[in-house]
Amino acid sequence: MNLKSLTQPELGDILKELGQPAFRAKQVFTWLHKGVRSYDEMSNLPKALRDALSEKYPINAPKAVRKQESQRDGTIKYLWELSDGNCVETVLMRYRYGNTVCISTEVGCRMGCAFCASTLGGLVRRLEPFEMLDQVLFTQVDSKLPVSHIVLMGIGEPLDNFDNVMRFLELVNSPDGMNISMRHISLSTCGLVPKIDELAKRKLQLTLSISLHAPNDAVRDRIMPVNRAYPSEALLSACRRYYQATSRRISFEYAMIDGVNDREEDARELLKRLKGLPAHFNLIPLNHVEESPLKPSTRAAVARFQKTLEDGGVTATVRRTLGSDIDASCGQLRRKYNEEKH
Ligand code: SAH
């Protein structure tokens, strides 16, 4: 068991068993969530307690086996080695509104999207809550940049690791921990409909981001196998239910792929299908992945698509490409590293 996966009350129970007074829970929780590497840093705890804790619950921290910093925009990408030797990627992006950390939720992914590097080797395992938290903590400690926003858009499908992700959100939102507001968190999914409904029930104020990438089933079936289990109409219905439950506008991600999903009529079809659903589109020119024949749309096609959406009353932004000089799109760095190792 890892203490960083526990809520403050749960941590309190453990400390109580060790004969500690109630106020210790807050102290230990606060220290753990600062990203300390040893109990000896917990200067307001008695030595005997520090020793007992480090014997029973050693603090482990991921090791940065690669760190790349973009010369263009200051984006930093980490490849962390976990305690079992598996690696995951975390990216720190510096926006005007604050530093945003993009974390991984699984080692690998089993969703099989045709354009994505993270899924090429399949799913290895899901991350524990503390392993998601550690990515935020140690990115902040190492970079010395305060993190204010989190996006669950790294390697893995967050809703395929539902319970651990929910617990991570609770932890990172804790007032005595990182205290990151739900409104500063985005969770991205390829569209696991039953899990979207489960998430809706929690009524969190986070931003739900849907990786849509296609105007209809014919195109989506081709590039996203998940669409065969949950076709796009079922997905859009889940989005409507989600909006009804939370009043939170849905954010759609749309990777623009040359000749596949980027025609003006694709945008018009989307407008028709999204009628009445408050939505925002993030248009992302496809990041080319070596193993894939898919190519990014031209700038002109992206601009035309954006205009069509906006003329139809749906806001659309073209996402700035950050870290393009450091393999910053998800899964690329881990993949290169694994190939070098073998
Ligand atoms: N599994 C979740 C979380 C990953 S988020 C999801 O599918 O939403 C990462 C985002 O980047 C997703 O929208 C994903 O579809 C997108 N993506 C993956 N590979 C990409 C590529 N080569 N170019 C552009 N976007 C890509």
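Here's the yes/no breakdown for (1) in contact with a Pro (Cβ under 8 Å, 6 or more places away or on another chain); (2) among the polar types (S, T, N, Q); (3) farther than 30 Å from F29 by Cα:
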position: M178; (1), (2), (3): no, no, no
position: K201; (1), (2), (3): no, no, no
position: A229; (1), (2), (3): no, no, yes
position: Y242; (1), (2), (3): no, no, yes
position: I257; (1), (2), (3): yes, no, yes
position: D262; (1), (2), (3): no, no, yes
position: L274; (1), (2), (3): no, no, yes
ask   = Is it true that F29 is over 18 Å from the mean Cα position of the chain (by Cα) and not small (G, A, S)?
value = yes
D160 surrounded by fewer than 19 Cβ atoms within 10 Å (Cβ to Cβ), among the acidic types (D, E), farther than 15 Å from L204 by Cβ and in contact (Cβ under 8 Å) with a residue 12 or more places away in the chain = no
query = Would you pick out the residues in the range 118-138 that are within 15 Å of the ligand (Cβ to nearest atom), assigned to a helix (DSSP H, G or I) and surrounded by 24 or more Cβ atoms within 10 Å (Cβ to Cβ)?
reply = S118, M132, Q135
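Of all residues in the range 144-192, which are assigned to a helix (DSSP H, G or I) and within 16 Å of the ligand (Cβ to nearest atom)?
P158, L159, D160, N161, F162, N164, V165, M166, F168, L169
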query = Could you list, in sequence order, the residues of the range 47-70 that are without any contact (Cβ under 8 Å) to a residue 24 or more places away in the chain and either surrounded by 14 or more Cβ atoms within 10 Å (Cβ to Cβ) or outside any helix (DSSP H, G or I) (or both)?
reply = R50, S54, P58, K63
note = Of the residues in the range 124-159, those that are in contact with a Phe, Trp or Tyr (Cβ under 9 Å, 6 or more places away or on another chain) and small (G, A, S) come to S143, S148
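Assess whether K195 counts as being basic (K, R), within 16 Å of the ligand (Cβ to nearest atom) and either surrounded by fewer than 22 Cβ atoms within 10 Å (Cβ to Cβ) or within 18 Å of S251 (Cα to Cα) (or both).
Answer is yes for this residue.
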key: the range 310-331, residues that are within 16 Å of the ligand (Cβ to nearest atom) and buried (at least 20 other Cβ atoms within 10 Å of the Cβ)   = A316, L322, G323, I326, D327, A328, S329, C330, G331
query = If you check every pair at least six apart or on different chains, which have Cβ atoms under 8 Å apart with a residue in the range 188-201 that is in contact (Cβ under 8 Å) with a residue 12 or more places away in the chain first and a residue that is within 14 Å of the ligand (Cβ to nearest atom) and charged (D, E, K, R) second?
reply = S188/E253; T189/E157; T189/K195; C190/E157; L192/E157; L192/D160; K195/D160
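Values in this text are rule-based calculations from the coordinates and carry no lab data. Note that the structure is predicted; figures quoted are calculated from it, not measured. When we count neighbours, we look across all protein chains shown, and the Cβ atoms used for this are built from the backbone with ideal geometry, even at glycine.
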